[in-house]
1. For the stretch 363-382, check the following and say yes or no: at least one residue is over 14 Å from Tyr414 (Cα atoms), open to solvent by less than 10 Å² (accessible area, probe 1.4 Å), in contact with a strand residue (DSSP E or B) (Cβ under 8 Å, 6 or more places away or on another chain) and modelled with pLDDT of 95 or more.
2. Evaluate the stretch 221-233: report whether one residue or more is open to solvent by less than 80 Å² (accessible area, probe 1.4 Å) and not in a strand (DSSP E or B).
3. Looking at the stretch 306-318, which of its residues are touching a residue at least 12 places away in the same chain (Cβ under 8 Å) and either open to solvent by 60 Å² or more (accessible area, probe 1.4 Å) or not in a strand (DSSP E or B) (or both)?
4. List pairs: first in the stretch 29-55 and under 13 Å from Leu142 (Cα atoms), second open to solvent by 40 Å² or more (accessible area, probe 1.4 Å), Cβ under 8 Å, 6+ apart or cross-chain?
5. Filter the stretch 82-109 down to the residues that are aliphatic (A, V, I, L, M) and either open to solvent by less than 10 Å² (accessible area, probe 1.4 Å) or within 30 Å of Phe182 (Cα to Cα) (or both) and list them by number.
6. Restricted to the stretch 219-242, and to residues that are closer than 12 Å to Tyr453 by Cβ and not acidic (Asp, Glu), which residue is nearest to the chain's Cα centre (by Cα)?
7. Could you pull out every one of the helices (runs of 4 or more DSSP H) wholly within the stretch 157-214 that has 2 or more residues that are open to solvent by 40 Å² or more (accessible area, probe 1.4 Å), closer than 16 Å to Ile255 by Cβ and out of contact with any Cys (no Cβ under 9 Å at 6 or more places or on another chain)?
8. Does any residue in the stretch 330-343 that is charged (D, E, K, R) come within less than 8 Å, Cβ to Cβ, of a residue that is open to solvent by 40 Å² or more (accessible area, probe 1.4 Å) six or more places away or on a different chain, and which pairs are these?
Amino acid sequence: MSKPLSTTPPQDENQIVAERRAKLAALRSQGVAFPNDFERRDQAGDLHGRYAETGGESLASEPIPVQLAGRMMLKRVMGKASFASLQDMSGRIQIYVARDQIGEDAYDAFKRMDLGDILGVVGHLFRTKTNELTIQVKQVRLLTKALRPLPEKFHGLADTEQKYRQRYLDLITNEQARLTFFRRSKIIQAMREFFIARDFLEVETPMMHPIPGGASAKPFVTHHNALDMELFLRIAPELYLKRLVVGGLEKVFEINRSFRNEGISTRHNPEFTMVEFYEAYRDYKYLMDFVEQMLRDVATQTLGHAVVPYQGQTIDLSRPFTRLTALEATVQYNPELKDAPIDNRDFLIDELKRRKIGHRPNDSLGGLQLVLFEETTEHKLIQPTYIIDYPVETSPLARASDARPGITERFELYIAGREVANGFSELNDPEDQAARFQAQVAAKEAGDEEAMYYDADYIRALEQGLPPTAGCGIGIDRLVMLLTDAASIRDVILFPLLRKED
């Protein structure tokens with residue numbers, strides 16, 4: 001069936017911009033086109049909250065003066081009077097502009113104002129016949145002329161890439177986008193308060209490193225001209241934070257931007273935010289309890305509850321988190337492997353080949369088990385689950401278990417099928433750490449671009465003495481995805497990395 005023909009001609013944006021530029025030129029000829037002397041005293045959301053229960057008779061008998069500014073989002077001209085809607089950071093409020101209240105010249109000027117223009121109004125509150133809280137305007141001023149029109153019909157941007165590329169338009173037209181980023185701010189604030197309440201010290205460490213370290217990842221490379229030296233954008237703050245613990249700052253955290261030269265997906269952005277923290281005289285078991293309590297508190301503080309709806313599922317942060325080894329999780333979530341000899345290296349290699357899962361030829365038994373887990377199981381971990389006891393070869397900075405050779409005291413937390421946190425008892429034996437770095441160097445020479453460098457200065461710091469310490473990193477972007485029900489990491493990063501615009 002063919003679509004009916006539209007009776008509304010399509011917007012010609014070039015023509016609209018030209019018309020608005022002409023209006024701006026007229027404003028310039030009359031004086032200051034972009035005034036900066038309007039004093040805003042009120043915001044829309046505050047007015048709605050403060051006077052939600054105040055009736056029309058009360059507002060009429062005791063007028064409430066208002067001085068508000070915002071972007072005009074709706075406008076309905078009705079002869080000698082008009083209704084419009086102004087939007088500020090806190091929300092929207094209706095205004096009523098009447099010719100007999102502001103004068104004929106001012107009213108004619110108002111009628112020439114466009115959607116998207118930023119106005120300042122002075123007036124008082126009243127309620128319309130439909131009981132809507134409204135500003136009766138006594139004065140109206142154009143503060144900023146918008147030269148470009150808003151997206152048609154203000155339903156937000158239909159083009160997803162345009163939404164990310166022109167985030168300012170998305171925020172103007174999409175209330176859900178604004179709420180997402182308000183909530184992101186509150187999540188970070190709640191995490192900061194959680195640490196500070198427990199006597200952690202917030203610190204800042206370098207973003208440009210002479211040696212990339214703290215995680216296994218391919219770095220971004222840059223160059224400092226004055227010093228004529230190659231530098232790497234931070235892939236993690238870990239080694240600098242542990243230097244601070246050596247120095248006696250025994251409880252530290254950093255909310256940091258890190259950079260990894262990796263692909264882009266719904267879960268990955270090359271520039272991302274995480275919180276990383278360290279506490280002396282603790283181990284990874286303590287950390288698991290700590291992280292569990294923090295996520296529960298952050299969810300409760302920002303959402304009002306710890307049971308979170310996410311993409312059609314219900315994530316329960318209020319109950320104790322499950323703890324499994326990678327091997328236990330693989331068997332539990334893949335019944336066909338229940339009786340399989342997955343502690344046999346030859347079987348694992350054959351099984352990975354059968355499933356067309358790549359692996360490195362020199363992977364140990366634990367490494368092969370981890371590859372199988374990552375490809376078959378981690379996406380099935382919907383409820384909060386700690387995967388514990390990782391192999392030494394995949395955990396170059398974690399303390400080895402005293403009881404189980406080849407295993408480290410490490411965990412990763414999975415929620416909704418993705419990794420959210422990574423923590424461990426820290427390796428504080430400088431000779432063991434030096435040997436681990438050497439193994440990483442060998443792996444890099446063999447072609448592993450994500451293997452670590454040998455950090456001689458960090459070894460020197462460990463030789464000064466790092467107390468027994470536990471540390472963890474939590475991906476803030478992924479946590480915000482969970483607590484805002486966002487399907488893609490791009491929906492929770494204000495300006496995600498995109499290809500160059502054509």
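1. Within the stretch 363-382, not a single residue is over 14 Å from Tyr414 (Cα atoms), open to solvent by less than 10 Å² (accessible area, probe 1.4 Å), in contact with a strand residue (DSSP E or B) (Cβ under 8 Å, 6 or more places away or on another chain) and modelled with pLDDT of 95 or more.
2. no
3. Scanning the stretch 306-318 gives Ala306, Pro309, Gln311, Gln313, Leu317, Ser318.
4. Filtered contacts from the stretch 29-55: Ala33/Leu27; Phe34/Thr144; Pro35/Arg141; Phe38/Arg141.
5. Ala84, Leu86, Met89, Ile93, Ile95, Val97, Ala98
6. Among those that are closer than 12 Å to Tyr453 by Cβ and not acidic (Asp, Glu), it is Ile235.
7. The qualifying helices (runs of 4 or more DSSP H) are 175-197.
8. The qualifying pairs are Lys338/Val331; Asp343/Leu327; Asp343/Leu365.
The values are calculated or read from the model by the stated rules, or taken from the named source; none is laboratory data. A quick note: this is a predicted structure, and the numbers were derived from the prediction, not measured. When we count neighbours, we look across all protein chains shown, and the Cβ atoms used for this are built from the backbone with ideal geometry, even at glycine. In case anyone asks, the SASA skips ligands and DNA or RNA and just uses the protein heavy atoms, side chains included. Shrake-Rupley method; radii C 1.70, N 1.55, O 1.52, S 1.80 Å.
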